[in-house]
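This report refers to the structure that appears directly beneath it.
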Amino acid sequence: MSGDHHNTGDSGPAARVKALEAVLTEKGLLDPAAIDAIVDTYETRVGPRNGARVVAKAWTDPAYRKRLLADATSAVAELGFAGPEGGHLVAVENTDRVHNLVVCTLCSCYPWPVLGLPPVWYKSFAYRSRAVSDPRGVLEDFGLELPRDVEVRVWDSSAEIRYLVIPQRPKGTAKMSEGELAAIVTRDSMVGVAKVEASRA
Amino acid sequence: MSNAALNELIEAARLDADHVFSAPWEARAFAIALQLSQAGHFTWDEFRDCLIAEVRASDRIRARDGTSNHGQYYDHFLHALENLLEEKGLAH
């Protein structure tokens, strides 16, 4: 790609991706328009707003909450959320006694249809290596100190199972609509590194 | 890994919370891998195994040197994709 006369395969990542795309398109294996569509989907359409709608519905509709806890894959599909990496989704609920935290210790498994692609910290060595051995320490780094009597459950994602945390509905939100509630649910709360604050509304 | 390193990471993530990819090539590498797997040239599980191998090799270095691999995820991702395409004979 550059004017380099030697091609060692050590050129920068942008050039390597461009070269790959060119070869694969030439061979008819790739459709560049579909590449653009995938990029657009994951940059703008699929993201934590989806998961926030799921959580808000679970907070306001007890029958939906029950379905979500029983079979999250089907329950999120009711709202139109499905697709790659959504095959076997499990919803875990935070309560006064239990706090759930999600990690993928091996790489970056994450429930794409409801949360989009994972943030930088989720994929970092720092997070992956400590979430299991020192979950309370990790939560404190995120500014979340839990009472000692709250049990912390850590869920290690795998090729087979993805997790969505249903955070606790904050106090003082009884009069809020489902849409208003969805607006205060954050990505971090659905991974389990934060609580939902009523004040965001 | 020190708390300071993780705190740095969290702060960095908050600053660019709205950006899924930090450079256009990361987005295209991701989309290439996804499209090829959806077209059946390999399964996403096969790709994940390659990615896990890259991440594991990097983790060993981080554990030894105490350094952070913040920001290197898509480098691992691209290496994994190149390795898999090579293995499948799709890249030439």
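We did not get these values from a lab; they are worked out from the coordinates using the rules stated. Bear in mind that the values here come from a model prediction, so they are computed numbers and not experimental data. Every residue, glycine among them, receives a Cβ derived from its backbone with ideal geometry; neighbour counts consider all protein chains shown.
One table, with the values for the structure above:
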| item | result |
| --- | --- |
| Residue of A:ALA72, A:ALA56, A:ALA174 that the Gaussian network model of chain A assigns the largest fluctuation, springs spanning Cα pairs under 10 Å | A:ALA174 |
| Mean separation of Cα contacts under 8 Å (6+ apart) over length of chain A, as relative contact order % | 24 |
| Principal-axis tilt of helix A:13-26 within chain A, Cα atoms, nearest 10 degrees | 70 |
| Principal-axis tilt of helix A:48-60 within chain A, Cα atoms, nearest 10 degrees | 20 |
| Within segment A:103-201, GluC sites (Glu not before Pro) in DSSP loop having at most 10 other beta-carbon neighbours inside 10 Å | A:GLU145, A:GLU160 |
| Lone cysteines, the protein assembly as shown (no partner Cβ under 4.7 Å) | A:CYS107, B:CYS50 |
| Quotient of C-alpha Rg and 2.2 N^0.38 Å, computed over chain A | 1.21 |
